[in-house]
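Each reported figure results from applying straightforward, stated rules to the coordinates on display, with no laboratory input. Computed from a predicted structure; not experimentally measured. Every residue, glycine as well, gets a Cβ built from its backbone with ideal geometry; the counts of neighbours run over all protein chains shown.
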Amino acid sequence: MNPELIEQTVRDYSGKLLKIAYTYTKNTCDAEDIVQEVFLSFITSRQEFASQEHIRAWLIRVTINKSKNHVKSAWIAKRSKMPEPCEELSCQENTLLDAVLSLEEKYRISIHLFYYEDYSIKD
């Protein structure tokens, strides 16, 4: 894979993927670990990507899947479910995020994808 493409992709999508992972894990450190795993999967992937939109959709889907797997793990299930503030966000954004995190999972991810990733309601 082209090193410039990898570098540009990491720059373009790190913040977005971190926010997606955080909506599942409610923990900044766990979200950062997941994003690192996603980019490692991207780098080692032998998949051919048709466009930048294809890369974006693939990264988001892999982030969601890795986040769900992380939350399901037995060790994580024993930890506290109280979200910690996301260091990447302002106080006002953290307050809004807390409100979104209090919603059911299917609504949380839908809101994130619609408002932050510009997906249509149908998508």
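Couple of notes before you dig in:
- Using 0.36 nm per residue and subtracting the Cα-Cα separation, the extra length available between Asn69 and Asn2 on full extension is 21.2 nm.
- Simple spin-label estimate for Ser51 and Ile111 in nanometres, 7 Å along Cα-Cβ: 3.0
- Label zone at Asp12, where the point sits 7 Å out along the Cα-to-Cβ direction: the stretch 98-123 residues whose backbone N lies under 15 Å: 117-118
- Radius of gyration and maximum dimension Dmax of the stretch 1-73, Cα, Å: 11.8, 35
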